[in-house]
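What follows is a short report on a single structure.
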Amino acid sequence: MNAPLSTPRHSGAPDLSRLVNPRSIAIIGASDRPGSLGARTVGNLLDHSDFRGETYMINPGRAELRGRPCYASIRDLPDAPDVALLVVPAAHTLDALRAAAERGTRFALVFTSGFGEMGEEGRAAEAEMKRIGRDSGMRIYGPNSPGLCNLNARLGMMFSPSFKVDQRPGPIGLATQGGGIGRCFLQALERGVGVGLWASTGNEVDLNVSDFIRYMADADDITTIATAMEGIKDGNAFIDAALYAAERNKPVIALKVGRSDYGARAVASHTGSISGTAEVNSAAFRQAGVVEVDDLDELVDTAALFARRRPTGKEKVAVYGFSGGACALAADAVGEAGLELATFAPQTLERLKAALPDYAAYANPVDATSDILTNSAIAYDSLKAVTDDPETGVILYPFPCDYAELTQAIAEDCVRVQKETDTPVVAVWTSDRLGGGWTALAEGGLVPGRGVKKAAKCIRRWIDRGHWAAEMQEKGWRPLATSPGPDTRHSLTEGTAKALLAKAGIPVPKGMLVRTATEAHAAAQTLGLPLVAKVASADIAHKSDIGGVIVGIQSASDAADAFTRIMDNAATRAPSARVDGVLLEQMAGAGGIEMLIGVSRDATFGPVLTVGLGGVFVELFKDVSRRLLPLTPQSARAMLLEPRCAALLTGYRGKPPADLTALTDLLLKLSSFVAAHADSIEELELNPVWVGPEGSGVLALDALLISNNPIEADQ
């Protein structure tokens, strides 16, 4: 039986509408002292925002500020504000939060740093913040946050001196934890990127990136969501939010910081977050349709491309330019990214021949030659022909050099063509001299990139996400909801683990536990030959290392001898281990493929299933696929075909294909077994799993099961 799909657990997501579009704002720590954070916060709200609601100034040392009455405490306000901005030192933050909560404030934005990122004392203060919010119902944003800005409404609730200049509204929603990365994204406005809402959640004592992804998924003015995260405290909430956005046709593009050991340590010192295992993060992102990128440039480029058009997943690429060398570089980048060049239709080739000089390259890539610099008709007519081609889904257009007004004219023609077509033109500006051409592309919404390889990677991710949305998205799927169990670990013997798996429908070899050499002799006659003998001990995980495995037993007397040798080896090499006896099992047939199938509990995302080659090969080659549980028939089959070793399963160099149907069924039954015991299972490994030729079935030859609670077999 297949694992049931989990249901969303975050349908009661917070209503952030009065945070993003408040009717009243109180500034606790308001000031007019030049250069102070309080003065900048006041200036951003009064001078550089279009906020028409009520603004309250809170400062016990002032009677008025900027011509407005100044209150000694938020408790003195005539009305409870929607939002309180806390611009006070860390030592006064908790008192200010308590006062805001007592006045009935809906949201508190805590700018101040010096909390969880600073150590145990800071974490204790954050725990008190969380208690204040939980007891009062007030939602807390931050601490250690630069604030929030709703650029589509021209509202800046932040202390940054850059707010007044970093304003280009647009369809991209941005959710970050760190302020610097978010500000860098905002400043991509120089390339024409427009951001509608930026939430920088800091240490996330309460509200987090996932909450804002869900809000943006429902926001009418946001079409694309970008995020940069240093840690994910609740993996399932993040996946739920990403899938919620996907169901509303809003892709999430993510930059996960802290993927290396160095980066993970830097993250811990910055926000105190758990960075998570990079490989598991990436697998979870792919499964939820989150587009993962490698750096900030890619985050900007990819989000901007999605904001321009949604892909179908079937797009082919045209390369167009006016430098043969630049076109060749772009074509190489297309090939290296695994993309496919479009084959132009005859009518496209005819239009290109009519527009370009005889010595131009007409077929894909298109080199319009330097004649484009002196003949403005070439630039428009030839590029328009390429965008109109029926097989062209996206165009990679490298601009190699800046020729001042000449390049500007070409760029303006490019912008003109883009306005007349739905086919995205991905412009790449490779010169360090920007000039008017750069400005024309940026102002025209083409968001010029800075390298053909990065542009090709961006296109690859764009197309892959379209494929996921069209064919791979599993409607209704959600990851397992699990709760951490007690901090204990119980290792089951292989025989006990296999008995549980067998009752769950997972094929295991026929076997018997024997406690004497005489029992081993008799069991061999019952089971049939050949056999394998293995030490039965929950304390010995790697049985071969202590001489606890003997294979190829061909007689009953050999079985008795094997028992004696294994027990002697265990007594000598693992004297402290509890040994229940020896497990005798039938050996699998010849000609199969050995696979590893394992489940581990990730601290961020919960149960994760891994598939790869069995034995030592998984450690040697690290060629595996991963999925969050539960699996569906679609995801189970897909993960088997994902690693490079899948060629061995599908039939390599004339060998018969393996029994993929039986192996898929095993994965699904294992998924159901884990789902039934999700709060108990810490680790489960089947290594190896014997996979026979098509129609021959599969067998879990070895099993390791570690739980934090006793597991009862399903009845």
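The values are calculated or read from the model by the stated rules, or taken from the named source; none is laboratory data. Predicted model only: the values in this text are computed from it and were never measured. Positions of Cβ are generated from backbone atoms using ideal geometry, with glycine treated the same way; all protein chains shown enter the neighbour counts. What goes into the accessible areas is simple: the full protein's heavy atoms, side chains included, and nothing from ligands, DNA or RNA. Shrake-Rupley method; radii C 1.70, N 1.55, O 1.52, S 1.80 Å.
Taking the range 81-110 as the range and being part of a loop (DSSP other than H, G, I, E, B), of a type outside the set (D, E, K, R) and open to solvent by less than 40 Å² (accessible area, probe 1.4 Å) as the test, the residues that pass are PRO81, VAL87, VAL88, THR105. Of the listed requirements (1) touching a strand residue (DSSP E or B) at 6+ places or on another chain (Cβ under 8 Å); (2) of a type outside the set (S, T, N, Q); (3) modelled with pLDDT of 95 or more; (4) open to solvent by 10 Å² or more (accessible area, probe 1.4 Å), PHE212 misses just one: (4).
This table checks each residue for (1) assigned to a strand (DSSP E or B); (2) surrounded by 22 or more Cβ atoms within 10 Å (Cβ to Cβ); (3) in contact (Cβ under 8 Å) with a residue 24 or more places away in the chain.
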{"position": "VAL415", "(1), (2), (3)": "no, no, yes"}
{"position": "VAL426", "(1), (2), (3)": "yes, yes, yes"}
{"position": "THR439", "(1), (2), (3)": "no, no, yes"}
{"position": "LEU446", "(1), (2), (3)": "no, yes, yes"}
{"position": "LYS453", "(1), (2), (3)": "no, no, yes"}
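Exactly one condition in (1) under 26 Å from GLY35 (Cβ atoms); (2) in contact with a Leu (Cβ under 7 Å, 6 or more places away or on another chain); (3) part of a helix (DSSP H, G or I) is false for GLN187; which is it? It is condition (2) that GLN187 fails. Of all residue pairs spaced 6 or more apart or on separate chains, those with beta-carbon atoms under 6 Å, a first member in the range 15-35 that is surrounded by 22 or more Cβ atoms within 10 Å (Cβ to Cβ) and a second member that is among the aromatic types (Phe, Trp, Tyr) and not in a helix (DSSP H, G or I) are LEU19/PHE107; ALA26/TYR56. You will find that of GLY547, GLY511, the residue that is under 28 Å from GLU694 (Cα atoms) and at pLDDT 95 or above is GLY511 and no other.
Here SER483 meets each of (1) open to solvent by 40 Å² or more (accessible area, probe 1.4 Å); (2) hydroxyl-bearing (Ser, Thr, Tyr); (3) under 30 Å from LEU352 (Cα atoms) with one exception, condition (3).
Candidates are the residues of the range 388-408 that are open to solvent by less than 40 Å² (accessible area, probe 1.4 Å) and without any contact (Cβ under 8 Å) to a residue 40 or more places away in the chain; the one that is farthest from THR343 (Cα to Cα) is ASP402. Taking first residues from the range 576-595 that are under 26 Å from ALA556 (Cβ atoms) and touching a residue at least 12 places away in the same chain (Cβ under 8 Å) and partners that are among the β-branched types (Val, Ile, Thr) and open to solvent by 40 Å² or more (accessible area, probe 1.4 Å), the Cβ contacts under 7 Å between residues at least 6 apart in sequence or on separate chains come to MET587/VAL551.
Whether a residue is part of a helix (DSSP H, G or I) and either more than 19 Å from ALA304 (Cα to Cα) or open to solvent by 10 Å² or more (accessible area, probe 1.4 Å) (or both) was assessed, and GLY180 passes this test. Tell me, please, whether a residue that is open to solvent by 70 Å² or more (accessible area, probe 1.4 Å), in contact with a Cys (Cβ under 6 Å, 6 or more places away or on another chain), among the basic types (Lys, Arg) and part of a loop (DSSP other than H, G, I, E, B) can be found in the range 58-66. So far as the range 58-66 goes, yes, one or more of its residues are open to solvent by 70 Å² or more (accessible area, probe 1.4 Å), in contact with a Cys (Cβ under 6 Å, 6 or more places away or on another chain), among the basic types (Lys, Arg) and part of a loop (DSSP other than H, G, I, E, B). Scanning the range 305-331 for residues that are touching a residue at least 60 places away in the same chain (Cβ under 8 Å), in a helix (DSSP H, G or I) and open to solvent by 10 Å² or more (accessible area, probe 1.4 Å) gives ALA307, ARG308, GLY325, ALA326, LEU329. Take the range 135-163 and flag every residue that is charged (D, E, K, R) and either closer than 22 Å to THR223 by Cα or at pLDDT below 95 (or both). Within the range 135-163, just ARG154 meets the criteria. Taken as a whole, the structure places ILE74 among residues that are among the aliphatic types (A, V, I, L, M), open to solvent by less than 30 Å² (accessible area, probe 1.4 Å), more than 39 Å from the chain's Cα centre (by Cα) and on the phi < 0 side of the Ramachandran plot. If MET639 satisfies every condition in (1) in contact with a helix residue (DSSP H, G or I) (Cβ under 7 Å, 6 or more places away or on another chain); (2) open to solvent by less than 70 Å² (accessible area, probe 1.4 Å) but one, which is the exception? Single failed check for MET639: (1).
Among the residues of the range 544-563, those identified as part of a helix (DSSP H, G or I) and surrounded by 14 or more Cβ atoms within 10 Å (Cβ to Cβ) are ILE546, ALA556, ASP558, ALA559, ALA560, ASP561, ALA562, PHE563. Within the range 40-57, being open to solvent by less than 40 Å² (accessible area, probe 1.4 Å) and under 38 Å from the mean Cα position of the chain (by Cα) holds for THR41, VAL42, GLY43, ASN44, LEU45, SER49, PHE51, GLY53. For the range 519-535, the tally of residues that are more than 23 Å from ALA577 (Cα to Cα) and in contact with a helix residue (DSSP H, G or I) (Cβ under 8 Å, 6 or more places away or on another chain) stands at 6. Would you mind stating whether ASP381 is of a type in the set (D, E, K, R) and farther than 30 Å from ASN249 by Cα? Considered against the rule, which asks whether it is of a type in the set (D, E, K, R) and farther than 30 Å from ASN249 by Cα, ASP381 comes out as yes. Of all residues in the range 472-489, none satisfies being part of a helix (DSSP H, G or I), of a type in the set (D, E, K, R) and farther than 30 Å from VAL394 by Cβ. For GLU126, the criteria (1) under 14 Å from ALA108 (Cβ atoms); (2) modelled with pLDDT of 95 or more; (3) touching a Gly at 6+ places or on another chain (Cβ under 6 Å) hold in every case but one, which is (2).
Restricting attention to the range 490-543, the residues that are open to solvent by 30 Å² or more (accessible area, probe 1.4 Å) and part of a helix (DSSP H, G or I) add up to 12. For beta carbons closer than 6 Å, sequence separation of 6+ or different chains, a first residue in the range 39-53 that is part of a helix (DSSP H, G or I) and a second that is open to solvent by 70 Å² or more (accessible area, probe 1.4 Å) and charged (D, E, K, R), the qualifying pairs are ALA39/ASP32; ALA39/ARG33. For the range 682-697, the set of residues classified as open to solvent by 10 Å² or more (accessible area, probe 1.4 Å) and assigned to a strand (DSSP E or B) consists of GLU682, GLU683, GLU685, ASN687, PRO688, TRP690, PRO693, listed by residue number.
Being of a type in the set (Ser, Thr, Tyr), within 29 Å of GLY436 (Cα to Cα), under 21 Å from the mean Cα position of the chain (by Cα) and surrounded by 23 or more Cβ atoms within 10 Å (Cβ to Cβ) is the requirement here; does THR224 meet it? Here the answer is yes, as THR224 does meet what is asked. Of all residues in the range 111-130, those that are outside any helix (DSSP H, G or I) have Cβ atoms under 9 Å from Cβ atoms of residues that are of a type in the set (Ser, Thr, Tyr), 6 or more apart or on another chain, in PHE111/THR41; PHE111/SER145; THR112/THR93; THR112/SER145; SER113/SER145; GLY114/THR93; PHE115/THR93.
For the range 72-110, what are the residues that are without any contact (Cβ under 8 Å) to a residue 40 or more places away in the chain and hydroxyl-bearing (Ser, Thr, Tyr)? Listed by number, the list holds a single entry, SER73.
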